[in-house]
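Report on the structure given below.
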Amino acid sequence: SREIQLAARPQGAPKDSDFALIERELGQPGSGEVLVRNLYLTVDPYMRGRMNDVKSYTPPFALNETMTGGAVGEVVASGVDTLKPGDLVLHDQGWRTHAVLKATSARKVDARPGVSPSAYLGILGMPGQTAYAGLLEVAAMKPGDVVFVSGAAGAVGSAVGQIARLKGAGRVIGSAGSADKVAHLTGKLGFDAAFNYKDGPVMAQLREAAPDGIDVYFDNVGGDHLEAALAAFKVFGRAALCGAISQYNATSAPSAPRNLALAIGKQLTLKGFIVGTYNSVFPQFVQEVGGWLASGELHYDETVVEGIENMPRAFMGMLSGENTGKMVVKL
Ligand code: NDP
């Protein structure tokens, strides 16, 4: 197996020398195990937090050990009756080309017609579930709501905006970091308005896009985006606090939001969440989002980087906005 290890803990933005590519011999699977050849690997923002040596909701990656993360692969040898060679499985032994794993820690997934297996790392997997649960359960979006989502051209954000539209939001507004992404949001993805947060202050741009205020904010970014949403909220507004990617590489404390006290007078609900707490929505999520995907009502983008040796580059690229939709690595 060719595998990516964490060679050093990144200070600020990760760099090439923080990662190492190693090669390792894998044995045959024992009883209860399977040997999997990975087809697609995921790079996700939360992995940046795991590269720091701090306690969080996921433990830190160890130095000079192969990292873990979502992967979709094909069983090549099996020591169990329930999985056979050729079966497609989703598991967490990513950042490597091959893995021997317990069959109980692999979930068999169906090859869906017209859908790449990589979708299980994106729209039909953890990021899609995050969007669905965060918008509908955590922020309790209702038809007619004005919805604002940051990181809107990414894996989670692009699903949030489209699910909001499909669930009857009154107006859907997104922010992203390039003119091309903004055009994609209001074009193919059907957002009502979008802006490039690099063009000027988020607060002024959001006020222009939502002159009557917002009911729901799905926060992927934190910082000045959250400050702008607090200012734009109507009374009884709800925020799903999903991520704060503007801070993941930060080496000092954030300077925004400075207006949190607005939450009192406006009687806001600001709710942080972790996707795994909402696993009960999984069957409903797969059925509904899978249906929209099949009917073409929901559009799904991927940015695909090829080769295990390019996985650190894919990760760094995702953090700096090189992806539209889900960033995946194809082996
Ligand atoms: P994305 O596909 O959205 O990729 C990350 C994007 O973040 C980049 O494409 C980039 O787009 C944007 N970005 C990077 N730096 C900044 C910045 N300083 N300000 C604004 N945008 C920035 O990733 P995901 O969809 O996988 O994740 C989105 C968010 O959801 C993350 O915050 C992540 O941590 C969170 N998350 C939370 C989960 C939970 O359980 N709570 C589960 C899954 C994800 P651009 O070009 O627009 O800058």
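The values are calculated or read from the model by the stated rules, or taken from the named source; none is laboratory data. Because the structure is a prediction, the values reported are computed rather than measured. Cβ placement follows ideal geometry from the backbone for every residue including glycine, while neighbour counts extend to all protein chains displayed.
Using the structure shown, decide if residue 35 is surrounded by 14 or more Cβ atoms within 10 Å (Cβ to Cβ), in contact (Cβ under 8 Å) with a residue 60 or more places away in the chain and not aromatic (Phe, Trp, Tyr). Criteria met by residue 35. Here the condition is being modelled with pLDDT of 95 or more, crowded, with 24+ Cβ neighbours inside 10 Å and among the aliphatic types (A, V, I, L, M); of 228, 256, 204, it holds for 228 alone.
The condition (being modelled with pLDDT of 95 or more, loosely packed, with under 12 Cβ neighbours inside 10 Å and under 18 Å from residue 313 (Cα atoms)) is satisfied by just one residue among 16, 44: 16. Of all the listed residues (152, 183), the sole one being within 14 Å of the ligand (Cβ to nearest atom), outside any helix (DSSP H, G or I) and aliphatic (A, V, I, L, M) is 152. Listed conditions (1) in contact with a helix residue (DSSP H, G or I) (Cβ under 7 Å, 6 or more places away or on another chain); (2) surrounded by 15 or more Cβ atoms within 10 Å (Cβ to Cβ); (3) over 30 Å from residue 5 (Cβ atoms) are all met by residue 297, apart from (2).
Scoring residue 244 on the criteria (1) surrounded by 17 or more Cβ atoms within 10 Å (Cβ to Cβ); (2) away from the ligand (no atom under 16 Å from the Cβ); (3) without any contact (Cβ under 8 Å) to a residue 40 or more places away in the chain leaves a single failure, condition (2). Within region 294-308, the only residue that satisfies the criterion of being modelled with pLDDT of 95 or more, aliphatic (A, V, I, L, M) and more than 16 Å from the ligand (Cβ to nearest atom) is 308. Do we have residue 239 as crowded, with 22+ Cβ neighbours inside 10 Å, within 13 Å of the ligand (Cβ to nearest atom) and within 21 Å of residue 143 (Cβ to Cβ) here? So residue 239 fits the description; yes. Taken over region 31-78, the criterion of being assigned to a strand (DSSP E or B), of a type outside the set (Gly, Ala, Ser) and closer than 29 Å to residue 248 by Cα is satisfied by 38, 39, 40, 41, 42, 66, 72. Within region 17-30, the only residue that satisfies the criterion of being of a type in the set (S, T, N, Q) and in a loop (DSSP other than H, G, I, E, B) is 28. Evaluate region 268-282: report whether one residue or more is free of Cβ contacts under 8 Å to residues at least 60 places away in the same chain, small (Gly, Ala, Ser), within 13 Å of the ligand (Cβ to nearest atom) and in contact with a Gly (Cβ under 6 Å, 6 or more places away or on another chain). Scanning region 268-282 turns up no residue that is free of Cβ contacts under 8 Å to residues at least 60 places away in the same chain, small (Gly, Ala, Ser), within 13 Å of the ligand (Cβ to nearest atom) and in contact with a Gly (Cβ under 6 Å, 6 or more places away or on another chain). When residues in region 79-123 are screened for being of a type in the set (A, V, I, L, M, F, W, C), part of a loop (DSSP other than H, G, I, E, B) and out of contact with any Lys or Arg (no Cβ under 8 Å at 6 or more places or on another chain), 6 of them pass.
Only a single criterion out of (1) more than 23 Å from residue 137 (Cα to Cα); (2) near the ligand (Cβ under 9 Å from one of its atoms); (3) in contact with a helix residue (DSSP H, G or I) (Cβ under 6 Å, 6 or more places away or on another chain) is not satisfied by residue 326, namely (1). For residues that are crowded, with 16+ Cβ neighbours inside 10 Å and without any contact (Cβ under 8 Å) to a residue 60 or more places away in the chain, scanning just region 54-73, find the one that is farthest from residue 36 (Cα to Cα). That would be 61. For region 266-324, a residue qualifies if it is among the basic types (Lys, Arg) and assigned to a helix (DSSP H, G or I), and exactly one does: 313. None of 311, 318 is within 13 Å of the ligand (Cβ to nearest atom) and in contact with a strand residue (DSSP E or B) (Cβ under 8 Å, 6 or more places away or on another chain) except 318. Within region 155-171, the set of residues being more than 8 Å from the ligand (Cβ to nearest atom) and in contact with a Cys (Cβ under 9 Å, 6 or more places away or on another chain) comprises 160 only.
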